[in-house]
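Reviewing the structure listed below.
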Amino acid sequence: MNFVLKIILILLLLKLEFTIIKKKITMKHLIYIAFFAIIIFITTYIGNNNPGYSYTSGSPSGYTGSPYDGKTCTYCHTIHVGTALHKDGMLTSDIPITGFFPDSIYTITATVSSPGTNKFGFIASPHDVSGNASGELFITNSTETKIVGSYYVTHTSNGISGADNEKSWSFDWKAPSNLNEVTFYAAFTAGDKYNDSTFYTSMTVTKNTVNIIEINSEKSYIKVYPSPAKNNIYISVFNILQGNYTIAIFDSKGNIVIEGIQFIIDTNNYKFKQDVSSLSRGIYFLTLKGEKEEKVFKMLIQ
């Protein structure tokens, strides 16, 4: 019911009450009053609780469509929505194709599009194979996203407006240290209260199997750490061949980003510090070249 009809009903009810005041109240009058009161209540309830607008400030937890949640946005958007549609590619990330590094932080992006609307919502969460929360979630745009239920990310009331029939949200995720596989599940809604559509998707990521630390033997080693690095990396060596060494750093496309730097290892226990604050976030390779050997290490910069 629209606003004008509600006003008409209220005026009719007031007129009826005024008539009753002037005349003797009968059972017929009471029935009329009850009837109009019920109509006003129902129309007000439907107007304020239409599922298309029920969760403009964010979805409740547990609606990602995962096998463990068992529900999507369709569970609440029931008037104009049919079955939720599965779509691939709605979740993306900057996790390397080779996999995530434990305790590293990555950006996850959720994107939904639907013709004819610029109102959207979403909810996403990472799970392990048993359905448990995996890793840690960090909000990077508190104006448009928030955490609910400890390990779900959803939109805020300021994060539902899209452009050109599309909307994206991003958040950060810290990879767990004890898991080899994590799946992100997400559900989306598109449209207003008169024309809703819902979608769901998933994205599985795996742990990187390339070692950052290389150990030559029980009595000697070379380490490059930390991973991920932010401002500096360290090369720590113990009991390797002494002499002149050169290091260089290359990006994932093979372009050199830090020229060869020379230093001398003249003790059994040596540590070298290299500034990497100028490097953009991503995967890099460090080469350590000596007079008789060369080592290559993979590193992550965040």
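Please treat every number below as a calculation from the coordinates, not as lab data. Note that the coordinates shown come from a computational prediction; the quantities given were computed from them, not determined experimentally. Backbone-built Cβ (ideal geometry, glycine too); neighbour counts: all protein chains shown.
Is there a pair in K87/K167; K174/K207; K253/K273 whose C-alpha atoms are over 22 Å apart, and which pairs would that be? Pairs exceeding 22 Å: K253/K273. Among the GluC sites (Glu not before Pro) within segment 271-300, those in coil by DSSP and having at most 14 neighbouring Cβ atoms inside 10 Å are E291, E293.
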